[in-house]
Amino acid sequence: MNAQDILTAVFHAVIISFTLLILYCEICQVILYNQELKVLDRKEELETTATNSISQQTTSTVKLESPVVEEHIELTEFRSFLKPLRKPKEQAEFNKMTPEQLRKKCQENGIRWRNVVRDKETGKIRHLRKAEMVAALQQKLSNTLTNRSLNYIY
């Protein structure tokens with residue numbers, strides 16, 4: 001692994017960290033906005049009750065209660081607010097593909113397949129085998145699936 005690969009990995013880690021931080025801040029804003037709406041609705045309801053009781057000329061007093069803030073908030077309710085930036089890639093059945101098709105898929109996904117591995121027995125550099133290309137494509141696809149959660153916005 002050379003210095004450029006290390007710097008690229010660090011750069012991606014920093015980008016992912018900042019994306020997670022932004023996502024966390026956006027979720028917190030949505031939570032606070034929903035809580036604020038609940039408080040305003042409750043306050044409006046209490047004020048309406050107070051004006052109704054005053055208009056009926058009763059001498060009872062209305063005490064405005066402080067809003068109850070939920071301590072545990074489930075994030076599943078925010079899925080309706082999230083929209084993906086791009087459509088998910090179709091998952092292909094790599095095991096049924098020919099090596100030529102796999103090489104084409106590897107090139108499309110930016111995976112090197114030509115002259116990549118040094119054979120232990122002969123010491124010569126060789127291309128990826130079919131199973132190795134399938135593994136690389138599946139790993140690439142799983143990485144894009146896990147990173148896809150970072151590509152959500154409101």
Legend entry - The listed residue being under 16 Å from the mean Cα position of the chain (by Cα), exposed (fewer than 11 other Cβ atoms within 10 Å of the Cβ) and modelled with pLDDT under 85, out of Leu21, Leu37, Leu85: Leu85
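Given the residues Asn95, Asn115, which is the only one that is of a type outside the set (Phe, Trp, Tyr), over 25 Å from Met1 (Cβ atoms) and either open to solvent by 60 Å² or more (accessible area, probe 1.4 Å) or not in a helix (DSSP H, G or I) (or both)? Working first, answer last.
Values: Asn115 fails: over 25 Å from Met1 (Cβ atoms).
Criteria check complete, one pass: Asn95.
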Inset, instruction - State all residues of the range 93-117 that are modelled with pLDDT of 90 or more and touching a strand residue (DSSP E or B) at 6+ places or on another chain (Cβ under 8 Å); if no residue qualifies, say none. - result: Asn115
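The values are calculated or read from the model by the stated rules, or taken from the named source; none is laboratory data. Model, not experiment: these values are computed from the prediction. Neighbour counts are summed over all protein chains in view; Cβ atoms, including those assigned to glycine, are modelled from backbone coordinates with ideal geometry. Heavy atoms of the whole protein, side chains included, go into the accessibility calculation; ligands, DNA and RNA do not. Shrake-Rupley method; radii C 1.70, N 1.55, O 1.52, S 1.80 Å.
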